[in-house]
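The values are calculated or read from the model by the stated rules, or taken from the named source; none is laboratory data. Bear in mind the structure is a predicted one, so any value in this text is a computation, not a measurement. Positions of Cβ are generated from backbone atoms using ideal geometry, with glycine treated the same way; all protein chains shown enter the neighbour counts. Heavy atoms of the whole protein, side chains included, go into the accessibility calculation; ligands, DNA and RNA do not. Shrake-Rupley method; radii C 1.70, N 1.55, O 1.52, S 1.80 Å.
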Amino acid sequence: MAAARALRSCSWSARHLSCVHHIQMCSSVHVVKPKYTCLFGYSSFKFSHPHRLLRTTSTVNGQILQFKLSDIGEGITEVTIKEWYVKEGDTVSQFDSICEVQSDKASVTITSRYDGIIRKLYYGVDQIALVGKPLVDIETETLKDSEEDVVETPAVFHDEHTHQEIKGHKTLATPAVRRLAMENNIKLSEVVGTGKDSRILKEDILNYLAKQTGAILPPSPKSEIIPPLLKSETIQSIPVPVLKPKVFTGKDRTEPITGFAKTMVKTMSMAMKIPHLGYCDEVDLTQLVKLQKELKPIALARGIKLSFMPFFLKAASLGLLQFPILNASVDENCQNITYKASHNIGIAMDTEQGLIVPNVKDVQFRSVFEIAIELNRLQKLGSTNHLGTADVTGGTFTLSNIGSIGGTYAKPLILPLEVAIGALGAIKTVPRFNEKDEVIKTQIMNVSWSADHRIIDGATVARFSNLWKSYLENPASMLLELK
(Lines give C-alpha, C1' and ligand atoms only; values in the text may rest on other atoms or scores of the structure.)
Protein backbone atom coordinates (compact mmCIF):
# COMPACT_ATOMS: atom_id res chain seq x y z
CA MET A 1 0.00 0.00 0.00
CA ALA A 2 2.89 2.32 0.73
CA ALA A 3 4.16 1.73 -2.78
CA ALA A 4 0.68 2.39 -4.13
CA ARG A 5 0.38 5.67 -2.22
CA ALA A 6 3.82 6.77 -3.37
CA LEU A 7 2.96 5.98 -6.98
CA ARG A 8 -0.36 7.83 -6.63
CA SER A 9 1.19 10.90 -5.08
CA CYS A 10 3.79 11.26 -7.77
CA SER A 11 1.49 10.39 -10.65
CA TRP A 12 -0.12 13.83 -10.59
CA SER A 13 3.13 15.82 -10.56
CA ALA A 14 4.05 18.10 -13.41
CA ARG A 15 6.79 15.77 -14.48
CA HIS A 16 6.61 12.49 -16.43
CA LEU A 17 4.21 9.86 -15.08
CA SER A 18 4.82 6.59 -16.87
CA CYS A 19 5.42 4.86 -20.18
CA VAL A 20 3.01 1.99 -20.55
CA HIS A 21 2.26 -0.67 -23.10
CA HIS A 22 -0.62 -3.11 -23.74
CA ILE A 23 -3.78 -1.43 -22.31
CA GLN A 24 -6.79 -3.77 -22.06
CA MET A 25 -10.31 -2.50 -21.23
CA CYS A 26 -12.45 -4.39 -18.71
CA SER A 27 -16.06 -3.76 -17.65
CA SER A 28 -15.29 -1.12 -15.02
CA VAL A 29 -11.52 -1.38 -14.76
CA HIS A 30 -8.61 -0.40 -17.03
CA VAL A 31 -5.86 -3.02 -16.79
CA VAL A 32 -2.48 -1.50 -17.65
CA LYS A 33 0.55 -3.74 -18.00
CA PRO A 34 3.71 -1.54 -17.93
CA LYS A 35 6.90 -2.78 -19.46
CA TYR A 36 8.85 -0.09 -17.60
CA THR A 37 8.13 3.12 -15.68
CA CYS A 38 9.91 6.49 -15.92
CA LEU A 39 9.47 8.82 -12.91
CA PHE A 40 10.44 12.53 -12.86
CA GLY A 41 12.46 12.17 -16.07
CA TYR A 42 15.06 9.87 -14.49
CA SER A 43 16.39 6.79 -16.31
CA SER A 44 14.02 3.84 -16.45
CA PHE A 45 14.16 0.91 -14.06
CA LYS A 46 12.62 -2.52 -14.56
CA PHE A 47 10.35 -4.13 -12.01
CA SER A 48 11.48 -7.38 -10.45
CA HIS A 49 8.11 -8.90 -11.32
CA PRO A 50 5.20 -7.96 -13.66
CA HIS A 51 2.74 -5.35 -12.33
CA ARG A 52 -0.72 -4.10 -13.17
CA LEU A 53 -2.13 -0.63 -12.59
CA LEU A 54 -5.89 -0.69 -11.90
CA ARG A 55 -7.76 2.54 -12.69
CA THR A 56 -11.40 2.80 -11.68
CA THR A 57 -13.88 4.11 -14.25
CA SER A 58 -17.50 5.15 -14.33
CA THR A 59 -19.97 4.68 -17.21
CA VAL A 60 -22.18 7.34 -18.69
CA ASN A 61 -25.41 6.37 -20.45
CA GLY A 62 -24.35 2.67 -20.68
CA GLN A 63 -26.74 0.54 -22.77
CA ILE A 64 -26.66 -3.20 -23.48
CA LEU A 65 -27.71 -4.01 -27.06
CA GLN A 66 -28.46 -7.53 -28.27
CA PHE A 67 -26.78 -8.06 -31.61
CA LYS A 68 -28.97 -10.63 -33.38
CA LEU A 69 -27.88 -12.94 -36.18
CA SER A 70 -29.53 -11.56 -39.31
CA ASP A 71 -30.85 -13.54 -42.28
CA ILE A 72 -27.95 -14.52 -44.58
CA GLY A 73 -30.17 -15.68 -47.44
CA GLU A 74 -30.90 -18.96 -49.23
CA GLY A 75 -33.55 -19.83 -46.60
CA ILE A 76 -30.85 -20.63 -44.03
CA THR A 77 -32.23 -20.83 -40.47
CA GLU A 78 -29.15 -21.95 -38.55
CA VAL A 79 -25.38 -21.74 -38.78
CA THR A 80 -22.39 -23.23 -36.97
CA ILE A 81 -19.98 -20.94 -35.09
CA LYS A 82 -16.53 -21.76 -36.54
CA GLU A 83 -14.34 -19.07 -34.90
CA TRP A 84 -14.72 -16.09 -32.58
CA TYR A 85 -12.63 -13.00 -33.35
CA VAL A 86 -13.61 -11.30 -30.08
CA LYS A 87 -14.10 -12.25 -26.45
CA GLU A 88 -16.07 -10.81 -23.58
CA GLY A 89 -14.60 -7.44 -22.58
CA ASP A 90 -13.14 -6.61 -26.01
CA THR A 91 -13.83 -3.19 -27.53
CA VAL A 92 -15.23 -3.24 -31.09
CA SER A 93 -16.10 -0.64 -33.68
CA GLN A 94 -18.58 -0.72 -36.51
CA PHE A 95 -17.65 -3.19 -39.27
CA ASP A 96 -15.10 -5.00 -37.04
CA SER A 97 -15.18 -8.77 -37.55
CA ILE A 98 -16.95 -10.57 -34.70
CA CYS A 99 -17.01 -14.21 -35.77
CA GLU A 100 -17.05 -16.62 -38.68
CA VAL A 101 -20.09 -18.84 -39.17
CA GLN A 102 -20.66 -21.73 -41.54
CA SER A 103 -24.04 -22.48 -43.08
CA ASP A 104 -25.15 -25.39 -45.24
CA LYS A 105 -23.85 -23.42 -48.23
CA ALA A 106 -20.71 -21.47 -47.31
CA SER A 107 -18.75 -19.62 -44.65
CA VAL A 108 -19.69 -16.03 -43.72
CA THR A 109 -17.88 -13.43 -41.59
CA ILE A 110 -20.21 -11.50 -39.24
CA THR A 111 -19.27 -7.85 -38.55
CA SER A 112 -20.34 -5.47 -35.75
CA ARG A 113 -23.07 -2.90 -36.23
CA TYR A 114 -22.15 -0.88 -33.15
CA ASP A 115 -19.25 0.73 -31.32
CA GLY A 116 -18.93 -0.64 -27.80
CA ILE A 117 -17.74 -3.42 -25.54
CA ILE A 118 -18.56 -7.12 -25.92
CA ARG A 119 -20.42 -8.18 -22.77
CA LYS A 120 -21.67 -11.68 -23.63
CA LEU A 121 -21.11 -14.40 -26.23
CA TYR A 122 -24.22 -16.53 -26.59
CA TYR A 123 -22.54 -19.50 -28.28
CA GLY A 124 -19.30 -21.44 -28.17
CA VAL A 125 -17.22 -22.69 -31.08
CA ASP A 126 -18.99 -25.47 -33.11
CA GLN A 127 -22.35 -24.66 -31.50
CA ILE A 128 -25.46 -24.04 -33.60
CA ALA A 129 -26.64 -20.40 -33.78
CA LEU A 130 -30.18 -19.59 -34.90
CA VAL A 131 -31.03 -16.80 -37.34
CA GLY A 132 -32.91 -14.00 -35.58
CA LYS A 133 -31.62 -14.93 -32.12
CA PRO A 134 -29.02 -12.96 -30.10
CA LEU A 135 -25.42 -13.59 -31.08
CA VAL A 136 -23.59 -11.23 -28.70
CA ASP A 137 -24.40 -8.45 -26.23
CA ILE A 138 -22.64 -5.12 -26.93
CA GLU A 139 -22.54 -2.30 -24.39
CA THR A 140 -22.52 1.10 -26.04
CA GLU A 141 -21.16 3.54 -23.50
CA THR A 142 -18.81 6.47 -22.83
CA LEU A 143 -16.07 5.74 -20.34
CA LYS A 144 -14.89 8.47 -17.94
CA ASP A 145 -11.70 8.03 -15.93
CA SER A 146 -12.01 9.00 -12.25
CA GLU A 147 -8.25 9.63 -12.07
CA GLU A 148 -8.21 8.43 -8.47
CA ASP A 149 -7.43 5.36 -6.46
CA VAL A 150 -4.61 4.00 -8.58
CA VAL A 151 -3.61 0.64 -7.07
CA GLU A 152 -0.54 -1.34 -7.92
CA THR A 153 -0.90 -5.12 -7.75
CA PRO A 154 1.41 -7.91 -8.86
CA ALA A 155 0.33 -10.00 -11.85
CA VAL A 156 -0.31 -13.69 -11.28
CA PHE A 157 0.64 -16.23 -13.91
CA HIS A 158 -0.49 -19.85 -14.09
CA ASP A 159 1.23 -22.69 -15.90
CA GLU A 160 -1.53 -25.14 -16.71
CA HIS A 161 0.55 -27.56 -18.75
CA THR A 162 3.30 -28.55 -16.34
CA HIS A 163 1.69 -28.96 -12.92
CA GLN A 164 -1.45 -28.48 -10.86
CA GLU A 165 -1.80 -27.44 -7.21
CA ILE A 166 -3.33 -30.20 -5.07
CA LYS A 167 -3.43 -29.64 -1.32
CA GLY A 168 -0.20 -27.71 -1.14
CA HIS A 169 1.93 -29.79 -3.49
CA LYS A 170 2.47 -29.94 -7.25
CA THR A 171 1.53 -32.96 -9.36
CA LEU A 172 3.79 -33.17 -12.40
CA ALA A 173 2.37 -34.67 -15.61
CA THR A 174 2.30 -33.96 -19.33
CA PRO A 175 -0.92 -32.85 -21.09
CA ALA A 176 -1.20 -36.30 -22.74
CA VAL A 177 -1.06 -38.03 -19.35
CA ARG A 178 -3.62 -35.61 -17.92
CA ARG A 179 -5.97 -36.32 -20.81
CA LEU A 180 -5.60 -40.09 -20.30
CA ALA A 181 -6.40 -39.65 -16.63
CA MET A 182 -9.41 -37.45 -17.40
CA GLU A 183 -10.82 -39.95 -19.94
CA ASN A 184 -10.67 -42.69 -17.29
CA ASN A 185 -11.97 -40.51 -14.41
CA ILE A 186 -8.72 -40.84 -12.46
CA LYS A 187 -7.57 -38.19 -9.97
CA LEU A 188 -3.86 -37.47 -10.37
CA SER A 189 -3.58 -36.95 -6.64
CA GLU A 190 -4.32 -40.66 -6.15
CA VAL A 191 -1.59 -41.84 -8.55
CA VAL A 192 2.02 -42.38 -7.43
CA GLY A 193 4.45 -40.99 -9.99
CA THR A 194 7.56 -42.97 -10.86
CA GLY A 195 9.22 -40.39 -13.11
CA LYS A 196 11.75 -37.72 -12.27
CA ASP A 197 10.65 -35.53 -9.35
CA SER A 198 7.67 -37.89 -8.87
CA ARG A 199 6.32 -37.00 -12.32
CA ILE A 200 3.34 -39.16 -13.30
CA LEU A 201 3.99 -41.17 -16.46
CA LYS A 202 1.60 -42.92 -18.82
CA GLU A 203 2.62 -46.28 -17.33
CA ASP A 204 1.63 -45.03 -13.89
CA ILE A 205 -1.90 -44.30 -15.14
CA LEU A 206 -2.17 -47.68 -16.86
CA ASN A 207 -0.90 -49.51 -13.76
CA TYR A 208 -3.36 -47.63 -11.57
CA LEU A 209 -6.17 -48.52 -13.99
CA ALA A 210 -5.12 -52.17 -14.00
CA LYS A 211 -5.27 -52.30 -10.20
CA GLN A 212 -8.77 -50.84 -10.25
CA THR A 213 -10.09 -53.21 -12.94
CA GLY A 214 -8.04 -56.27 -12.03
CA ALA A 215 -6.57 -56.50 -15.55
CA ILE A 216 -3.02 -57.60 -16.27
CA LEU A 217 -0.93 -55.20 -18.30
CA PRO A 218 1.44 -56.61 -20.88
CA PRO A 219 5.13 -56.04 -20.14
CA SER A 220 7.08 -53.49 -22.14
CA PRO A 221 8.37 -55.07 -25.36
CA LYS A 222 12.07 -55.90 -25.21
CA SER A 223 14.29 -57.35 -27.88
CA GLU A 224 15.34 -60.92 -27.22
CA ILE A 225 18.34 -62.59 -28.81
CA ILE A 226 17.53 -66.18 -29.80
CA PRO A 227 20.66 -68.35 -30.17
CA PRO A 228 20.92 -70.54 -33.27
CA LEU A 229 19.57 -74.07 -32.96
CA LEU A 230 22.06 -76.88 -32.41
CA LYS A 231 22.03 -79.86 -34.72
CA SER A 232 20.68 -82.04 -31.93
CA GLU A 233 17.75 -79.68 -31.26
CA THR A 234 14.47 -79.83 -33.17
CA ILE A 235 11.74 -77.36 -33.91
CA GLN A 236 9.47 -79.02 -31.33
CA SER A 237 11.82 -78.04 -28.52
CA ILE A 238 10.99 -74.32 -28.92
CA PRO A 239 8.41 -73.31 -26.30
CA VAL A 240 5.17 -71.81 -27.61
CA PRO A 241 4.85 -68.17 -26.44
CA VAL A 242 1.89 -67.36 -24.23
CA LEU A 243 0.04 -64.24 -25.30
CA LYS A 244 -1.14 -62.04 -22.46
CA PRO A 245 -4.34 -60.00 -22.86
CA LYS A 246 -3.91 -56.34 -23.68
CA VAL A 247 -5.77 -53.59 -21.87
CA PHE A 248 -7.62 -51.26 -24.22
CA THR A 249 -8.29 -47.86 -22.63
CA GLY A 250 -10.06 -46.13 -25.50
CA LYS A 251 -13.71 -45.09 -25.39
CA ASP A 252 -16.40 -44.53 -28.00
CA ARG A 253 -16.91 -40.91 -28.97
CA THR A 254 -20.13 -39.25 -30.13
CA GLU A 255 -20.22 -35.83 -31.75
CA PRO A 256 -22.86 -33.90 -33.72
CA ILE A 257 -22.77 -33.76 -37.51
CA THR A 258 -22.31 -30.11 -38.49
CA GLY A 259 -21.22 -27.89 -41.36
CA PHE A 260 -20.71 -29.38 -44.81
CA ALA A 261 -21.06 -32.92 -43.41
CA LYS A 262 -24.60 -32.06 -42.28
CA THR A 263 -25.36 -30.66 -45.72
CA MET A 264 -24.05 -33.86 -47.31
CA VAL A 265 -26.41 -35.96 -45.15
CA LYS A 266 -29.42 -33.95 -46.37
CA THR A 267 -28.30 -33.91 -50.00
CA MET A 268 -27.48 -37.62 -50.25
CA SER A 269 -30.72 -38.59 -48.49
CA MET A 270 -32.64 -36.68 -51.15
CA ALA A 271 -30.46 -38.12 -53.93
CA MET A 272 -31.26 -41.70 -52.90
CA LYS A 273 -34.94 -41.04 -53.72
CA ILE A 274 -34.06 -40.48 -57.41
CA PRO A 275 -34.20 -43.60 -59.66
CA HIS A 276 -30.70 -43.78 -61.17
CA LEU A 277 -29.77 -45.04 -64.63
CA GLY A 278 -26.11 -46.06 -64.86
CA TYR A 279 -23.88 -46.12 -67.96
CA CYS A 280 -20.10 -46.74 -68.11
CA ASP A 281 -17.64 -46.13 -70.93
CA GLU A 282 -13.96 -45.52 -71.61
CA VAL A 283 -12.26 -42.66 -73.44
CA ASP A 284 -8.99 -42.65 -75.39
CA LEU A 285 -7.19 -39.48 -74.23
CA THR A 286 -3.90 -40.08 -76.07
CA GLN A 287 -4.27 -37.02 -78.28
CA LEU A 288 -5.56 -34.85 -75.44
CA VAL A 289 -2.58 -35.77 -73.25
CA LYS A 290 -0.25 -34.57 -76.01
CA LEU A 291 -2.22 -31.34 -76.51
CA GLN A 292 -2.35 -30.55 -72.79
CA LYS A 293 1.41 -31.08 -72.55
CA GLU A 294 1.96 -28.55 -75.37
CA LEU A 295 -0.45 -25.96 -73.95
CA LYS A 296 0.68 -26.25 -70.33
CA PRO A 297 3.75 -23.95 -70.63
CA ILE A 298 1.67 -21.42 -72.59
CA ALA A 299 -0.90 -21.39 -69.80
CA LEU A 300 1.79 -21.05 -67.13
CA ALA A 301 3.16 -18.01 -68.95
CA ARG A 302 -0.29 -16.46 -68.44
CA GLY A 303 -0.34 -17.48 -64.78
CA ILE A 304 -2.84 -20.32 -65.39
CA LYS A 305 -2.59 -23.86 -64.05
CA LEU A 306 -3.98 -26.01 -66.90
CA SER A 307 -5.21 -29.50 -65.98
CA PHE A 308 -7.42 -31.90 -67.95
CA MET A 309 -10.60 -30.79 -66.14
CA PRO A 310 -11.18 -27.62 -68.27
CA PHE A 311 -11.26 -29.85 -71.39
CA PHE A 312 -13.72 -32.25 -69.72
CA LEU A 313 -16.02 -29.37 -68.78
CA LYS A 314 -15.88 -27.78 -72.23
CA ALA A 315 -16.59 -31.10 -73.97
CA ALA A 316 -19.53 -31.69 -71.61
CA SER A 317 -20.94 -28.24 -72.42
CA LEU A 318 -20.69 -28.92 -76.17
CA GLY A 319 -22.53 -32.20 -75.60
CA LEU A 320 -25.25 -30.52 -73.51
CA LEU A 321 -25.99 -28.21 -76.44
CA GLN A 322 -27.08 -31.31 -78.38
CA PHE A 323 -28.79 -33.05 -75.42
CA PRO A 324 -30.36 -30.24 -73.33
CA ILE A 325 -32.48 -32.71 -71.32
CA LEU A 326 -29.30 -33.60 -69.40
CA ASN A 327 -29.01 -29.94 -68.37
CA ALA A 328 -32.49 -29.74 -66.90
CA SER A 329 -34.36 -30.11 -63.61
CA VAL A 330 -37.75 -31.50 -62.53
CA ASP A 331 -40.10 -30.48 -59.74
CA GLU A 332 -40.63 -32.57 -56.61
CA ASN A 333 -43.49 -34.63 -58.10
CA CYS A 334 -41.80 -34.88 -61.51
CA GLN A 335 -44.73 -33.16 -63.23
CA ASN A 336 -42.75 -30.37 -64.91
CA ILE A 337 -39.29 -30.19 -66.48
CA THR A 338 -37.21 -27.00 -66.76
CA TYR A 339 -34.48 -26.79 -69.40
CA LYS A 340 -31.62 -24.64 -68.09
CA ALA A 341 -30.20 -21.99 -70.44
CA SER A 342 -26.84 -21.73 -68.65
CA HIS A 343 -24.34 -24.56 -68.36
CA ASN A 344 -23.28 -24.17 -64.71
CA ILE A 345 -21.16 -27.29 -64.38
CA GLY A 346 -20.23 -28.35 -60.86
CA ILE A 347 -16.95 -29.98 -59.82
CA ALA A 348 -17.00 -32.19 -56.73
CA MET A 349 -14.10 -31.32 -54.38
CA ASP A 350 -12.94 -33.39 -51.41
CA THR A 351 -11.80 -30.94 -48.70
CA GLU A 352 -11.03 -31.12 -44.99
CA GLN A 353 -14.54 -29.82 -44.31
CA GLY A 354 -16.12 -32.57 -46.45
CA LEU A 355 -17.48 -32.89 -49.99
CA ILE A 356 -18.34 -29.56 -51.64
CA VAL A 357 -19.53 -28.92 -55.21
CA PRO A 358 -18.78 -25.41 -56.51
CA ASN A 359 -19.66 -24.75 -60.15
CA VAL A 360 -18.25 -22.86 -63.11
CA LYS A 361 -20.93 -20.51 -64.42
CA ASP A 362 -21.82 -20.23 -68.15
CA VAL A 363 -19.32 -22.78 -69.43
CA GLN A 364 -20.92 -22.53 -72.91
CA PHE A 365 -19.51 -18.99 -73.26
CA ARG A 366 -16.03 -19.65 -71.86
CA SER A 367 -12.86 -20.85 -73.57
CA VAL A 368 -10.77 -23.67 -72.11
CA PHE A 369 -8.30 -21.14 -70.68
CA GLU A 370 -11.12 -19.08 -69.14
CA ILE A 371 -12.55 -22.24 -67.57
CA ALA A 372 -9.09 -23.04 -66.16
CA ILE A 373 -8.84 -19.57 -64.59
CA GLU A 374 -12.20 -20.00 -62.84
CA LEU A 375 -11.29 -23.52 -61.70
CA ASN A 376 -8.05 -22.20 -60.18
CA ARG A 377 -10.06 -19.63 -58.22
CA LEU A 378 -12.62 -22.14 -56.94
CA GLN A 379 -9.97 -24.68 -55.94
CA LYS A 380 -8.02 -22.05 -53.99
CA LEU A 381 -11.12 -20.87 -52.12
CA GLY A 382 -12.25 -24.45 -51.49
CA SER A 383 -8.92 -25.45 -49.95
CA THR A 384 -9.15 -22.55 -47.47
CA ASN A 385 -12.90 -22.95 -46.78
CA HIS A 386 -13.74 -19.51 -48.20
CA LEU A 387 -16.17 -20.40 -50.99
CA GLY A 388 -19.09 -17.99 -51.21
CA THR A 389 -22.77 -18.89 -51.50
CA ALA A 390 -22.82 -17.93 -55.19
CA ASP A 391 -19.96 -20.37 -55.86
CA VAL A 392 -21.86 -23.43 -54.59
CA THR A 393 -25.41 -22.71 -55.79
CA GLY A 394 -27.11 -22.70 -59.18
CA GLY A 395 -25.45 -25.83 -60.62
CA THR A 396 -27.11 -27.60 -63.58
CA PHE A 397 -24.73 -30.54 -64.30
CA THR A 398 -21.89 -32.13 -62.33
CA LEU A 399 -18.58 -33.93 -62.94
CA SER A 400 -16.74 -35.75 -60.14
CA ASN A 401 -13.03 -36.48 -60.63
CA ILE A 402 -12.57 -39.65 -58.57
CA GLY A 403 -9.47 -40.42 -60.62
CA SER A 404 -7.48 -37.87 -58.63
CA ILE A 405 -7.78 -40.28 -55.69
CA GLY A 406 -7.87 -43.60 -57.55
CA GLY A 407 -10.27 -46.12 -59.01
CA THR A 408 -11.83 -46.81 -62.39
CA TYR A 409 -15.62 -46.96 -62.28
CA ALA A 410 -18.07 -45.55 -59.74
CA LYS A 411 -21.79 -45.08 -59.11
CA PRO A 412 -22.19 -41.32 -58.69
CA LEU A 413 -25.34 -39.99 -57.03
CA ILE A 414 -27.27 -37.24 -58.78
CA LEU A 415 -27.43 -33.95 -56.88
CA PRO A 416 -31.06 -32.94 -56.21
CA LEU A 417 -32.45 -30.38 -58.69
CA GLU A 418 -30.14 -31.85 -61.36
CA VAL A 419 -30.77 -34.86 -63.60
CA ALA A 420 -27.29 -36.14 -64.52
CA ILE A 421 -23.74 -36.53 -63.19
CA GLY A 422 -20.48 -38.04 -64.42
CA ALA A 423 -17.62 -39.66 -62.46
CA LEU A 424 -14.18 -39.58 -64.11
CA GLY A 425 -11.63 -42.32 -63.36
CA ALA A 426 -7.86 -42.21 -63.45
CA ILE A 427 -5.95 -41.88 -66.73
CA LYS A 428 -3.97 -45.08 -67.26
CA THR A 429 -1.46 -46.19 -69.87
CA VAL A 430 -2.70 -49.47 -71.42
CA PRO A 431 -2.04 -51.42 -74.64
CA ARG A 432 -4.60 -51.25 -77.46
CA PHE A 433 -4.84 -52.41 -81.07
CA ASN A 434 -4.86 -49.78 -83.82
CA GLU A 435 -6.56 -50.08 -87.23
CA LYS A 436 -3.65 -52.15 -88.50
CA ASP A 437 -3.94 -54.62 -85.61
CA GLU A 438 -0.73 -53.27 -84.13
CA VAL A 439 -0.31 -53.00 -80.36
CA ILE A 440 0.16 -49.38 -79.34
CA LYS A 441 0.40 -47.45 -76.06
CA THR A 442 -2.72 -45.45 -75.25
CA GLN A 443 -3.99 -43.20 -72.44
CA ILE A 444 -7.38 -44.54 -71.34
CA MET A 445 -9.84 -43.03 -68.83
CA ASN A 446 -13.01 -44.69 -67.57
CA VAL A 447 -16.18 -42.67 -67.08
CA SER A 448 -19.41 -43.51 -65.20
CA TRP A 449 -22.65 -41.65 -65.91
CA SER A 450 -25.80 -41.51 -63.79
CA ALA A 451 -29.09 -40.01 -65.02
CA ASP A 452 -32.62 -39.56 -63.67
CA HIS A 453 -34.38 -42.61 -65.15
CA ARG A 454 -37.81 -40.98 -64.81
CA ILE A 455 -37.13 -38.66 -67.75
CA ILE A 456 -33.90 -39.93 -69.38
CA ASP A 457 -33.39 -43.29 -71.09
CA GLY A 458 -30.19 -45.26 -71.68
CA ALA A 459 -29.99 -44.41 -75.39
CA THR A 460 -29.83 -40.67 -74.63
CA VAL A 461 -27.02 -41.13 -72.13
CA ALA A 462 -25.09 -43.36 -74.55
CA ARG A 463 -25.38 -40.82 -77.40
CA PHE A 464 -24.28 -37.98 -75.12
CA SER A 465 -21.30 -40.04 -73.90
CA ASN A 466 -20.23 -40.82 -77.48
CA LEU A 467 -20.39 -37.12 -78.43
CA TRP A 468 -18.44 -36.12 -75.30
CA LYS A 469 -15.81 -38.76 -76.15
CA SER A 470 -15.48 -37.53 -79.73
CA TYR A 471 -14.45 -34.04 -78.56
CA LEU A 472 -11.85 -35.45 -76.17
CA GLU A 473 -10.47 -38.06 -78.56
CA ASN A 474 -10.11 -35.40 -81.27
CA PRO A 475 -9.28 -32.28 -79.24
CA ALA A 476 -8.49 -30.31 -82.43
CA SER A 477 -12.27 -29.79 -82.66
CA MET A 478 -11.97 -27.59 -79.57
CA LEU A 479 -8.95 -25.57 -80.77
CA LEU A 480 -11.18 -22.73 -81.89
CA GLU A 481 -12.20 -22.36 -78.26
CA LEU A 482 -8.57 -21.89 -77.10
CA LYS A 483 -8.35 -18.12 -77.30
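Listing for the model above:
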item	result
Strands (runs of 3 or more DSSP E) wholly inside region 263-357 that include at least 2 residues being in contact with a strand residue (DSSP E or B) (Cβ under 9 Å, 6 or more places away or on another chain), in the same structural domain as Q443 (by the TED database) and among the hydrophobic types (A, V, I, L, M, F, W, C)	276-284, 328-330, 345-351, 354-356
Residues of region 188-205 that turn out to be outside any loop (DSSP other than H, G, I, E, B) and surrounded by fewer than 17 Cβ atoms within 10 Å (Cβ to Cβ), as a count	7
Residue match in region 25-39 (condition: under 28 Å from G259 (Cα atoms) and either open to solvent by 20 Å² or more (accessible area, probe 1.4 Å) or at pLDDT below 50 (or both))	no
Hits in region 276-308 - residues which are of a type in the set (D, E) and open to solvent by 30 Å² or more (accessible area, probe 1.4 Å)	E282, D284, E294
Among (1) open to solvent by 10 Å² or more (accessible area, probe 1.4 Å); (2) aliphatic (A, V, I, L, M); (3) in contact with a helix residue (DSSP H, G or I) (Cβ under 7 Å, 6 or more places away or on another chain) - the single one A462 does not satisfy	(3)
Cβ-Cβ under 9 Å pairs, at least 6 apart or on other chains, region 389-418 side in contact (Cβ under 8 Å) with a residue 60 or more places away in the chain, far side among the aromatic types (F, W, Y) and open to solvent by 40 Å² or more (accessible area, probe 1.4 Å)	N401/F308
Residue in region 320-350 that is nearest to F308 (Cα to Cα), counting only those that are touching a residue at least 60 places away in the same chain (Cβ under 8 Å) and in contact with a Leu (Cβ under 9 Å, 6 or more places away or on another chain)	G346
Meets criteria (open to solvent by 50 Å² or more (accessible area, probe 1.4 Å), at pLDDT 90 or above and not in a strand (DSSP E or B)) for E83	no
